[in-house]
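The structure appears right after this line, and notes come after that.
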Amino acid sequence: MARSELTVDLAALRANVRRLLEVLGDSELWAVVKADAYGHGAADVAHVALEEGARALCVATVGEGVALRRSFPDARVVVMSTSQDADLDAARTARLELAVSQPPFPDGLPLHLKLETGMGRFGMARLPEPLPANTVALMSHFATADTDPAFAALQLERFRAIAGAHPELTAHMANSAAALRLPSSRLGAVRVGLALHGLSPFGGDPSADGLRPVLAWRSRLEQVKLLQPGESTGYGRRFVADEATWIGLVPVGYADGFRRDLTGTAVLVDGERCPVVGTISMDSFAVRLPRELPRGTPTTLIGDGLRAEEHARVAGTITYEIATAIRARSDRVVRSVVDG
Ligand SMILES: *Cc1c(COP(=O)(O)O)cnc(C)c1O
């Protein structure tokens, strides 16, 4: 038996794509599947997204794009991050489209010119003249779509002032948060990642936006023991029992992606919320039990109503980092795909 199991629910994914298409109206949905689809599995997610009506796939690197091309001979695949010169031949061979944020502008493949409008990261302050003949789109990226709508609106205004002169090119700027909350940002296409996977870009409950989590992560109690008052569990003795306390040990640790700063978060033991106590080890963590429970009791780390957003809050990070940290491709975890 694997130490833990990841389940990817394609029915939930399908429902999310439909929900997003409903919201988007005339804008195209481009499915962002970088970082192995936020830990969910790029090929599985891309397949469902395209089948349900997404019009392009977006990845971060040429390597990710080349890998997708093998499974999707006809899909548009857009590489959003900067590419190295050494990758250009591979990108052309795989018929990828590239975002570029500075000259020189490569030929032989479609370009998305990236504009700087306030992210302060990659992007050009103004368009080159003349535009490279292989330009197909203009793009920009929001810094605060989830936190500061006024600044997002300012960025959008800057982008439209430039992109408006080129109605023949596809304009795209919105990420999940903007696609959901800033309708005027939807333009020609939106690049949606997190929301597609049923995770909330606002750190709250995704069901508020009609979305369903796609990923579940489950394990079990590997050993159950009674700590006497004064006894501790784990490195550094960070949890010391002040009374007789049942604890369960779950064979998942930070090497699996259950981060070390998740002490204090909750997991579901046989459906009941229980606190993670003590220092999380590389290969296991401890959970405080309400009573003695049998070895093998099912324990849910994410899913069954327990949201990744809650873990993010405890760890002081964002849901993106919780999802992409999970080592879905390691031999410690069994990954299964279900449909409904
Ligand atoms: C990751 C990424 C997105 C998707 O963001 P979400 O918040 O996950 O929807 C969109 N655009 C760019 C440039 C990105 O890097």
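The values are calculated or read from the model by the stated rules, or taken from the named source; none is laboratory data. Just so it is clear, the structure is predicted and the values come from calculations on it, not from any experiment. Cβ atoms come from the backbone with ideal geometry, glycine included; neighbour counts cover every protein chain shown. Side chains included, ligands, DNA and RNA excluded: accessible areas come from the protein's heavy atoms. Shrake-Rupley method; radii C 1.70, N 1.55, O 1.52, S 1.80 Å.
Restricted to region 107-131, and to residues that are in contact with a Phe, Trp or Tyr (Cβ under 9 Å, 6 or more places away or on another chain) and of a type outside the set (A, V, I, L, M, F, W, C), which residue is surrounded by the fewest Cβ atoms within 10 Å (Cβ to Cβ)? Residue satisfying both the conditions and the ranking: 128. Residues that are aliphatic (A, V, I, L, M) and more than 30 Å from residue 142 (Cα to Cα) within region 198-249 comprise 221, 224, 226, 227, 240, 241, 244, 247, 249, listed in sequence order. When region 2-27 is filtered for residues that are at pLDDT below 95 and in contact with a strand residue (DSSP E or B) (Cβ under 8 Å, 6 or more places away or on another chain), only 2 remains. The residues of region 69-82 that are in contact with a Leu (Cβ under 8 Å, 6 or more places away or on another chain) and open to solvent by 10 Å² or more (accessible area, probe 1.4 Å), listed by number, are 69, 72, 75, 76.
Filtering region 299-331 to residues that are closer than 19 Å to residue 277 by Cβ and touching a strand residue (DSSP E or B) at 6+ places or on another chain (Cβ under 6 Å) leaves 299, 300, 301, 302, 306.
Go over the candidates 78, 45, 32, 59 one by one and state the one that is under 16 Å from residue 337 (Cβ atoms), modelled with pLDDT of 95 or more and within 16 Å of the ligand (Cβ to nearest atom).
Details: 78 fails: under 16 Å from residue 337 (Cβ atoms); 32 fails: under 16 Å from residue 337 (Cβ atoms); 59 fails: under 16 Å from residue 337 (Cβ atoms).
Answer to the check: 45.
Considered as a group, the residues in region 24-53 that are among the small types (Gly, Ala, Ser) and in contact (Cβ under 8 Å) with a residue 40 or more places away in the chain include one that is surrounded by the fewest Cβ atoms within 10 Å (Cβ to Cβ), and that residue is 25.
Given the criterion more than 16 Å from the ligand (Cβ to nearest atom), at positive phi and modelled with pLDDT of 95 or more, identify the matching residue among 270, 283. Steps first, please.
Details: 283 fails: at positive phi.
Answer to the selection: 270.
The set of residues from region 284-325 being closer than 13 Å to residue 222 by Cα, open to solvent by 30 Å² or more (accessible area, probe 1.4 Å) and in a strand (DSSP E or B) comprises just one member, 298.
Identify all residues within region 83-114 that are within 16 Å of the ligand (Cβ to nearest atom) and out of contact with any Leu (no Cβ under 9 Å at 6 or more places or on another chain); write none if there are none. First the steps, then the outcome.
Residues of region 83-114 that are within 16 Å of the ligand (Cβ to nearest atom), as a first pass: 83, 96-102, 111-114.
Result: 102, single match.
Give, as residue ranges, the helices (runs of 4 or more DSSP H) completely inside region 1-67 that count at least 1 residues that are at positive phi.
Values: elements: 10-24, 34-38, 42-52.
It comes to 34-38.
Residue 21 meets each of the listed conditions (1) under 15 Å from residue 192 (Cβ atoms); (2) of a type in the set (A, V, I, L, M); (3) open to solvent by less than 40 Å² (accessible area, probe 1.4 Å) apart from (3).
Take the residues of region 194-209 that are of a type in the set (A, V, I, L, M, F, W, C) and open to solvent by 30 Å² or more (accessible area, probe 1.4 Å): which is nearest to the ligand (Cβ to nearest atom)? Working first, answer last.
Residues of region 194-209 that are of a type in the set (A, V, I, L, M, F, W, C), as a first pass: 194-196, 199, 202, 208.
With open to solvent by 30 Å² or more (accessible area, probe 1.4 Å) added as a condition, the list becomes 202, 208.
Numbers: 202: 10, 208: 16 Å.
Ranking the candidates gives 202 first.
What tally of residues in region 194-210 results from selecting those that are in contact (Cβ under 8 Å) with a residue 12 or more places away in the chain and outside any loop (DSSP other than H, G, I, E, B)?
Here the count works out to 6.
A quick yes/no check of all residues on (1) in contact (Cβ under 8 Å) with a residue 60 or more places away in the chain; (2) in contact with an Asp or Glu (Cβ under 7 Å, 6 or more places away or on another chain):
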position	(1), (2)
273	no, no
292	yes, no
298	yes, yes
301	yes, no
331	no, no
334	yes, yes
339	yes, no
